[in-house]
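Colleague: Sharing a structure here in structure tokens format.
The values are calculated or read from the model by the stated rules, or taken from the named source; none is laboratory data. This structure is a prediction, so every number in the text was calculated from the model and none was measured. Positions of Cβ are generated from backbone atoms using ideal geometry, with glycine treated the same way; all protein chains shown enter the neighbour counts. Accessible surface is based on the protein model in full, side chains and every heavy atom, while ligands, DNA and RNA are left aside. Shrake-Rupley method; radii C 1.70, N 1.55, O 1.52, S 1.80 Å.
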Amino acid sequence: MTDYNFAYLDEQTKRMIRRAILKGLAIPGYQVPFASREMPMPYGWGTGGVQVSAAVLTPDDTFKVIDQGADDTTNAVSIRRFFEKTAGVAVTEATVDASVIQTRHRIPEQDLRSDQILVYQVPIPEPLRFLEPSEVETRKMHSLEEYGLMHVKLYEDISQHGAIATAYAYPVKVEGRYVMDPSPIPKFDNPKLNMAGIQLFGAGREQRIYAVPPYTDVVSLDFDDYPFEASKADHACDLCGAEDSYLDELIVDDAGGRMFMCSDTDYCAGRRKAGCIGAQGVPYQEDVA
Amino acid sequence: MQTTTLMGGFVNAPLDSARAFRQIMTAVAQPGIINDAVGATPPAPLSVAAGVVLLTLCDPDTPVFLTAEFDTDDVRAWITFHTGAPLVDAAKASFAVGSWGDLPITDFAIGTSEYPDRSATLIVEVASLNPEGAELRGPGIKGKATLSLPETAAFQQNTALFPLGLDFVFTCQNRLAALPRTTKVNAIKVS
Amino acid sequence: MYVAVKGGEKAIDNAHAWLAEERRGDTSIAELSVSQIREQLALAVNRVMAEGSLYDPDLAALAIKQSRGDLIEAIFLIRAYRTTLPRFGGSNPVDTEQMICDRRVSATFKDAPGGQVLGPTFDYTHRLLDFKLAADGEVPQAPSAEIAQADTPHIMSFLDRENLIQTEPEGPETPPDLTRSPLELPATRSLRLQALTRGDEGFILGMAYSTQRGYARNHAFVAELRIGAVSVEMDIPELGFAIDIGEITLTECETVNQFKGSKTEPPQFTRGYGLVFGMTERKAISMALVDRALRWKELGEDNVGAPAQDEEFVLYHADNIQATGFLEHIKLPHYVDFQSELELIRKLRRAAMGEQEAVE
């Protein structure tokens, strides 16, 4: 059997996911249960994101996939190929050219437009899960808007470390109501959750979909005396010289020498094309980078 | 079975419904914008857009309520044949179709505090749909938007139920707009 | 100067080519056929069908071949295929009383109508490696007997006649479907049983074993274990009657467990139930024990806080496809989140060391 339906999933499954997406958009930050299907890639490899993308893609879309900000990471390549094959969509590495972007762990550096859709792969959708393992209990907490446990945890961090010790998957409050896990993006990306694009979150194994419509109020949890701070490594990109982008750290020699480069490969390439060169960069050439 | 029943569905369901869903989703994500909805030719009095929404979102898992105006043999047969959705009372419906004044809006499911998503989506057939009238604010809207709504008080009451509440899709010929429960509605005073 | 590493696409293609080569192994050795796997590794095939939730021995055998014998990988292949199949309808409940039993044993009565039938069991084999098999696996034909034509009554029905065993309430006409709707708690018994029958054999076994060792002990006796073929029937509305659409082999285990009672109710035994595709008796017995442990609430027992009593714990962790996916995904790139932790820990240490220096 080789003849799969458009975007792999059958129509009834897509309708079920589409209904969940609409309820997610209508209740920003609330996790809508959905009957996640077993996909031909493992749970943990982005099955939630893949199902959301499958339900959202049209044949007219241009699709981009990033993992850790990069288009050429193996799993990004694998997911991009899956939709090239099953949905026949055009693909791109350029953020500006993409109409749908599936991502794992990053928000692109380039601001998204209102006609762009960002689909996140989510491992654990429940922001309270590591404070309370029971789904029955956390669902109750959300219904009662009982988020004291989360504030206690953040405050304990401060008393122990002098700072909030959460560096990624930093919890946010959406439209003043639901506390939401923004997926394991670095907290550097949190301010970008306030964006013009449509943000859809898919957790396959945990069977949850949630969403943030454009221009929705997303606030990173903090305290008046310990305000949220979006931080990154205190370096510039060694390839393109960017000082405003999130960086990957590489170990480049046996002595443990380090270099830093943009995690968003499209952003870095774009800057280098425009002539920006970092401390260890070379002038941009097609095919090489 | 009448031929009208068999006709009027999507020509290519996977592609037509994908495109239609994009129009519905962006309308829900950005209340106030008006999108095209084409590809279905349902029997009167259903509008093209209402037909498109039904075909895109409904199936045997989504009970549908029809107001008396839409509860005709042709419409029932068309919905049953093309979607398999059971036709039910308002209280049991996931979706409903009707003109504004006829929809018994207090009868529909508004969700529960643990599952606010278990609420009905109402497809409201309107005679005209324009980007003018009531002022809309809230998620999906940069600043404010305007949309011709049949009234404002009911939508204000609905918003007050948040996170519970109903969600609305307004359909007019081959166009649609949406009003999720998050949108704050204000009547613009005509001075 | 540094040039960024690229080549994900090529690496994937090469990895797949190598994997295919490794799967085939030494080409001077004859290739395994799917039918050989189906016939000679039947218990592996049965496990893949049971946990893959798809009764198709040929596909299960193919999956085992493709997965190089990694049964969880094979189960995954079957699950992913199963999801794409159109659903034409539901069968009627199978009647295990009409099972043509290959094996049927009771631990509670020395004999009963239908008899004790040992069947093809490992139970009394001495676990001595049979070196003859290495050279020649041909065997003489085993003695055979006529198939008993009458139904084999359930041992439980005899206890039931004396009202010694609790009667179960009728379940819903259409049970919920774990594969078509998200798991919601508290779960009904039929949903729990679905989760258990497709759950990981090792996990269910461990949970069941824990109840025997005192973590919510429920004193299970195997009233009956039966393995055999049953026919599957489906109502065809156009015909107005049910037709036989096939035959499947099932393993069914019914346990009779510690009794309960009160001042107003005389004591009665309670039940645990296991039903699994194929010849899978370890799984079916385990399932019955875990089913029984999960019933503490409806039977008015205490929750002693044992893992096997915790429905959320058992149901959320029994699925090996979910578990292995999430477990193994931590080998995927996590540069970005790790970098954010690196940066935070460096900052916290700088602050802490700065404070120390200031104190000194």
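Colleague: Hey, any hits in the stretch C:281-295 for a residue that's at negative phi, among the charged types (D, E, K, R) and within 9 Å of chain A (Cβ to nearest Cβ)?
Modeller: no
Colleague: Can you tell me which residues in the stretch A:236-265 are more than 10 Å from every other protein chain (Cβ to nearest Cβ), open to solvent by 40 Å² or more (accessible area, probe 1.4 Å) and either in contact with a Cys (Cβ under 7 Å, 6 or more places away or on another chain) or not aliphatic (A, V, I, L, M) (or both)?
Modeller: A:E243, A:D244, A:D253, A:D254, A:R258
Colleague: Among the residues of the stretch C:190-199, is there at least one that is surrounded by 11 or more Cβ atoms within 10 Å (Cβ to Cβ), outside the structural domain of C:I78 (by TED's automatic domain parsing) and farther than 16 Å from C:L275 by Cβ?
Modeller: No, the stretch C:190-199 contains no residue that is surrounded by 11 or more Cβ atoms within 10 Å (Cβ to Cβ), outside the structural domain of C:I78 (by TED's automatic domain parsing) and farther than 16 Å from C:L275 by Cβ.
Colleague: Hey, does the stretch A:129-149 have a residue that's assigned by TED's automatic domain parsing to the domain that holds A:T58, of a type outside the set (A, V, I, L, M, F, W, C) and closer than 20 Å to C:I330 by Cα?
Modeller: yes
Colleague: Is it true that C:Q66 is in contact (Cβ under 8 Å) with a residue 12 or more places away in the chain, within 30 Å of C:F158 (Cα to Cα), out of contact with any His (no Cβ under 7 Å at 6 or more places or on another chain) and open to solvent by 80 Å² or more (accessible area, probe 1.4 Å)?
Modeller: no
Residue-by-condition table, conditions (1) without any contact (Cβ under 8 Å) to a residue 40 or more places away in the chain; (2) under 30 Å from B:T62 (Cβ atoms); (3) among the acidic types (D, E); (4) away from chain A (no Cβ under 14 Å):
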| residue | (1), (2), (3), (4) |
| --- | --- |
| C:D136 | yes, no, yes, yes |
| C:Q141 | yes, no, no, yes |
| C:L164 | no, no, no, yes |
| C:P186 | no, yes, no, no |
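Colleague: Looking at A:K14, is it open to solvent by less than 10 Å² (accessible area, probe 1.4 Å), closer than 29 Å to B:S94 by Cα and of a type in the set (K, R)?
Modeller: Spelling it out, A:K14 is indeed open to solvent by less than 10 Å² (accessible area, probe 1.4 Å), closer than 29 Å to B:S94 by Cα and of a type in the set (K, R).
Colleague: Could you grab me the full set of residues in the stretch C:314-346 that are over 16 Å from the mean Cα position of the chain (by Cα) and more than 7 Å from every other protein chain (Cβ to nearest Cβ)?
Modeller: Matches in the stretch C:314-346: C:L327, C:I330, C:K331, C:H334, C:F338, C:I345, C:R346.
Colleague: For the stretch C:118-142, how many residues meet the condition of being open to solvent by less than 100 Å² (accessible area, probe 1.4 Å), more than 19 Å from C:M279 (Cα to Cα) and assigned to a loop (DSSP other than H, G, I, E, B)?
Modeller: Adding up the residues that qualify gives 3.
Colleague: Yes or no: A:I158 closer than 19 Å to A:P33 by Cα, within 14 Å of chain C (Cβ to nearest Cβ) and either in contact (Cβ under 8 Å) with a residue 40 or more places away in the chain or touching a Phe, Trp or Tyr at 6+ places or on another chain (Cβ under 9 Å) (or both)?
Modeller: For A:I158, the condition - closer than 19 Å to A:P33 by Cα, within 14 Å of chain C (Cβ to nearest Cβ) and either in contact (Cβ under 8 Å) with a residue 40 or more places away in the chain or touching a Phe, Trp or Tyr at 6+ places or on another chain (Cβ under 9 Å) (or both) - is not met.
Colleague: What is the number of the single condition among (1) facing chain A (nearest Cβ under 7 Å); (2) at pLDDT 90 or above that C:A351 does not meet?
Modeller: (2)
Colleague: Name every residue in the stretch C:253-277 that is crowded, with 24+ Cβ neighbours inside 10 Å and more than 17 Å from C:F158 (Cα to Cα), in order of residue number.
Modeller: If the condition is that a residue be crowded, with 24+ Cβ neighbours inside 10 Å and more than 17 Å from C:F158 (Cα to Cα), then C:G274, C:V276, C:F277 are the ones that fit.
Colleague: Conditions first: (1) polar (S, T, N, Q); (2) closer than 27 Å to A:E175 by Cβ; (3) without any contact (Cβ under 8 Å) to a residue 40 or more places away in the chain. A:T58 passes all but one, so which condition is the exception?
Modeller: Of (1) polar (S, T, N, Q); (2) closer than 27 Å to A:E175 by Cβ; (3) without any contact (Cβ under 8 Å) to a residue 40 or more places away in the chain, only one is false for A:T58: (2).
Colleague: Same structure, new question: Of everything in the stretch A:102-147 that's of a type in the set (A, V, I, L, M, F, W, C) and free of Cβ contacts under 8 Å to residues at least 12 places away in the same chain, which residue is farthest from the other protein chains (Cβ to nearest Cβ)?
Modeller: Checking each candidate, the answer is A:F130.
Colleague: To continue, here is another question. Assuming A:A54 fulfils every condition listed in (1) more than 8 Å from every other protein chain (Cβ to nearest Cβ); (2) under 20 Å from A:Y267 (Cβ atoms) apart from one, which condition is it?
Modeller: The single condition A:A54 does not satisfy is (2).
Colleague: Would you mind listing the helices (runs of 4 or more DSSP H) fully within the stretch C:1-113 where at least 3 residues are aliphatic (A, V, I, L, M) and within 30 Å of A:T265 (Cβ to Cβ)?
Modeller: Fully inside the stretch C:1-113 and qualifying: C:8-24.
Colleague: For the stretch C:73-81, indicate whether the set of residues that are modelled with pLDDT of 95 or more and away from chain A (no Cβ under 14 Å) is non-empty.
Modeller: Within the stretch C:73-81, none of the residues are modelled with pLDDT of 95 or more and away from chain A (no Cβ under 14 Å).
Colleague: Name the single residue, out of those in the stretch A:57-67 being β-branched (V, I, T) and surrounded by fewer than 24 Cβ atoms within 10 Å (Cβ to Cβ), that is farthest from the other protein chains (Cβ to nearest Cβ).
Modeller: Residue satisfying both the conditions and the ranking: A:T62.
Colleague: Moving on. Condition first: open to solvent by 40 Å² or more (accessible area, probe 1.4 Å) and within 14 Å of another protein chain (Cβ to nearest Cβ). Now tell me which residues in the stretch B:1-18 satisfy that.
Modeller: Selection gives B:V11, B:N12, B:A13, B:L15.
Colleague: Consider the stretch A:17-36. How many of its residues are out of contact with any Lys or Arg (no Cβ under 9 Å at 6 or more places or on another chain), open to solvent by 10 Å² or more (accessible area, probe 1.4 Å) and either more than 7 Å from every other protein chain (Cβ to nearest Cβ) or among the charged types (D, E, K, R) (or both)?
Modeller: Number satisfying all stated conditions: 1.
Colleague: Let me ask something additional. Just to check your reading of the model, which residue among B:F81, B:F21, B:F65, B:F70 is more than 14 Å from chain A (Cβ to nearest Cβ), open to solvent by less than 10 Å² (accessible area, probe 1.4 Å) and among the hydrophobic types (A, V, I, L, M, F, W, C)?
Modeller: B:F70
Colleague: For C:A284, work out the one condition from (1) of a type outside the set (S, T, N, Q); (2) modelled with pLDDT under 95; (3) buried (at least 24 other Cβ atoms within 10 Å of the Cβ) it doesn't fulfil.
Modeller: Answer for C:A284: the failing condition is (2).
Colleague: Go over the candidates A:Y8, A:Y43 one by one and state the one that is at positive phi and open to solvent by 10 Å² or more (accessible area, probe 1.4 Å).
Modeller: Testing whether each residue is at positive phi and open to solvent by 10 Å² or more (accessible area, probe 1.4 Å) leaves just A:Y8.
Colleague: Report yes if A:C268 is at pLDDT 95 or above, assigned to a loop (DSSP other than H, G, I, E, B) and either within 26 Å of C:I345 (Cβ to Cβ) or away from chain C (no Cβ under 11 Å) (or both), otherwise no.
Modeller: no
Colleague: Starting from residues that are buried (at least 22 other Cβ atoms within 10 Å of the Cβ) and touching a residue at least 40 places away in the same chain (Cβ under 8 Å), keep the ones in the stretch A:68-86 and report whichever is farthest from the other protein chains (Cβ to nearest Cβ).
Modeller: A:F83
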